[in-house]
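Structure in C-alpha cells, see below.
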Amino acid sequence: MSRCNDVQEKIARGEALSEDQREHTTACASCASVMADFSMLEAALNAFGPAVPTGFADRVMAHVATEVVTPSHTSGRWVSLTLAYAAGVVAALNVASFLARVFIASVAFGGTP
Ligand SMILES: [Zn+2]
C-alpha cells in the first residue's frame, strides 16, 4: 500500500522510477492509471508549451508589477469594471439571439411555437 503511494508520488513529482518501481507500475492497475494520466498530462503540456511566446511570463509579471506600484488609479479600475460589465451584457445578448435563432429555426422546420 505504501509502495503505491511512493510510486505515485514519484510519478506526480516527475521523478525517475527505479527498476522495480517500473515493474510495479506494469503489475499494479492503480499505479498504471496514475502513470498513464501523468504521461498524458505531460504530453499535453509539451504540445501546448511552444505556443507561449518567449518572454511572455516576464511581460505579464512586469505589467503586474506596474499595477501594484500604482494602486491609486481608481478611475481606471472603474473603466475596466464598466467594460467587463458591458462585455457580460453583450455575451448575454449573444446567447439570447442564438437561442432565438435556434427556436425560430425549429419553428420554421414544422415545430409548434
Ligand atoms: Zn501500485
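The values are calculated or read from the model by the stated rules, or taken from the named source; none is laboratory data. Just so you know, these numbers come straight off a predicted model, no measurement behind them. What goes into the accessible areas is simple: the full protein's heavy atoms, side chains included, and nothing from ligands, DNA or RNA. Shrake-Rupley method; radii C 1.70, N 1.55, O 1.52, S 1.80 Å.
Each residue of segment 32-39 in turn: what ³J(HN,Hα) in whole Hz from Karplus with 6.51, -1.76, 1.60 and θ = phi - 60°, glycine and Pro shown as x?
Once θ is set to phi - 60°, the couplings for segment 32-39 become 5, 6, 5, 4, 5, 4, 6, 6 Hz.
Tell me, what % of the accessible area of segment 2-51 is carbon and sulfur with a 1.4 angstrom probe?
The computed percentage sits at 57.
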